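Here's the structure, in structure tokens; my notes come after.
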Amino acid sequence: MSTSVATTTDLSDKQCRILEYLRENGETKTYFKSRLIGQDLDLTAKEVGTNMTAIAAGDFDVAVEKWGYSSSTTWKVTV
């Protein structure tokens, strides 16, 4: 029996946008700052950070780990 991956229907619109952004950019980049994701998606750093926790807690094809804080929260992303 295989483990099912959570679907994006379990996520809000903002969370889906962030997850798609990470999927598209995670192939070439490992670390992401909330502030920079927010700039690209027209969200605040706080909105990104709040929504990243749901993605990090979920079972998706993208692994997200809170990595550090220096002028904005940094997230380690593995695709």
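Any read-out appearing in this document is the output of simple, stated calculations on the displayed coordinates, not a laboratory observation. The model shown is predicted, which means the values in this text are computed figures rather than measured ones. Backbone-built Cβ (ideal geometry, glycine too); neighbour counts: all protein chains shown.
Please name whichever of Val79, Asn25, Ile37 sits farthest to the positive end of the charge dipole of the range 15-79, dipole taken about the Cα centre and charges placed at Cβ: Lys and Arg +1, Asp and Glu -1. The listed residue farthest towards the positive side: Ile37. Taking the Cα atoms of the range 11-78, the ratio Rg/Rh between the radius of gyration and the Kirkwood radius comes to 0.90.
Note: relative contact order over the chain, using C-alpha pairs below 8 Å and six or more positions apart, is 35 percent. Overall, the range 11-78 carries a charge dipole of about 320 debye about its Cα centre when +1 sits on the Cβ of Lys and Arg and -1 on the Cβ of Asp and Glu, all other atoms neutral.
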